[in-house]
1. Mind checking whether some residue in segment 70-80 is in contact (Cβ under 8 Å) with a residue 60 or more places away in the chain and surrounded by fewer than 20 Cβ atoms within 10 Å (Cβ to Cβ)?
2. Scan the strands (runs of 3 or more DSSP E) fully inside segment 1-60 and keep the ones with 3 or more residues being surrounded by fewer than 17 Cβ atoms within 10 Å (Cβ to Cβ) and in contact with a strand residue (DSSP E or B) (Cβ under 8 Å, 6 or more places away or on another chain).
3. Taking residue 75 and the conditions (1) modelled with pLDDT under 95; (2) at negative phi, which numbered condition does it fall short on, given that it satisfies the others?
4. Could you check residue 62 against (1) at pLDDT 80 or above; (2) under 21 Å from residue 16 (Cβ atoms) and say which number it fails?
5. Out of all the residues in segment 151-172, which are in contact (Cβ under 8 Å) with a residue 40 or more places away in the chain and over 22 Å from residue 20 (Cα atoms)?
6. Take the residues of segment 94-141 that are in contact with a helix residue (DSSP H, G or I) (Cβ under 8 Å, 6 or more places away or on another chain), modelled with pLDDT under 80 and surrounded by 12 or more Cβ atoms within 10 Å (Cβ to Cβ): which is farthest from residue 14 (Cα to Cα)?
7. Give just the number: which of (1) surrounded by 18 or more Cβ atoms within 10 Å (Cβ to Cβ); (2) in contact with a strand residue (DSSP E or B) (Cβ under 7 Å, 6 or more places away or on another chain) does residue 144 not satisfy?
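The values are calculated or read from the model by the stated rules, or taken from the named source; none is laboratory data. Note that the structure is predicted; figures quoted are calculated from it, not measured. Cβ placement follows ideal geometry from the backbone for every residue including glycine, while neighbour counts extend to all protein chains displayed.
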């Protein structure tokens with residue numbers, strides 16, 4: 001179902017945007033800001049639109065580093081594969097709490113030319129604390145979770161992710 005949306009706020013440095021629409025998700029995301037190196041994570045999104053399924057893709061990985069390129073503390077490095085179109089999707093913990101927002105991947109082709117090696121699975125997400133600050137600065141008070149529980153099975157995390165995520169198409 002197509003719904004128009006209005007851009008309320010943008011943060012180009014952190015690749016975040018706040019949108020308003022009439023769309024009502026089945027579930028509202030809960031945010032957790034304390035993540036650990038090695039923690040299991042999941043990514044849900046709509047990569048390679050028009051090629052891969054329009055119903056969404058779900059994949060698993062880990063927190064590979066608690067900083068991004070050149071020690072960028074706004075970022076998390078993740079091992080879950082991401083593709084063009086995953087940007088803006090939730091990075092979830094084992095309880096389906098949002099711990100980050102996917103922003104992209106390392107440019108393997110450029111790195112291969114410069115390093116004579118092909119880097120694999122170097123992907124990035126903005127930390128949820130950065131997303132929370134952005135939301136709060138724009139009058140949105142997100143729900144928070146301070147601790148993880150026993151953990152859900154991956155299919156249950158995928159169900160929750162699907163219930164709180166929408167496919168967004170930007171038209172200029």
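1. yes
2. Details: elements: 5-11, 16-21, 40-45.
Passing ranges, in order: 5-11, 16-21.
3. Unmet for residue 75, out of (1) modelled with pLDDT under 95; (2) at negative phi: (1).
4. (2)
5. So the first thing to find is which residues in segment 151-172 are in contact (Cβ under 8 Å) with a residue 40 or more places away in the chain, and the list is 151-152, 154, 156-158, 160-169.
Passing the criteria: 151, 152, 154, 156, 157, 158.
6. It comes out as 119.
7. (1)
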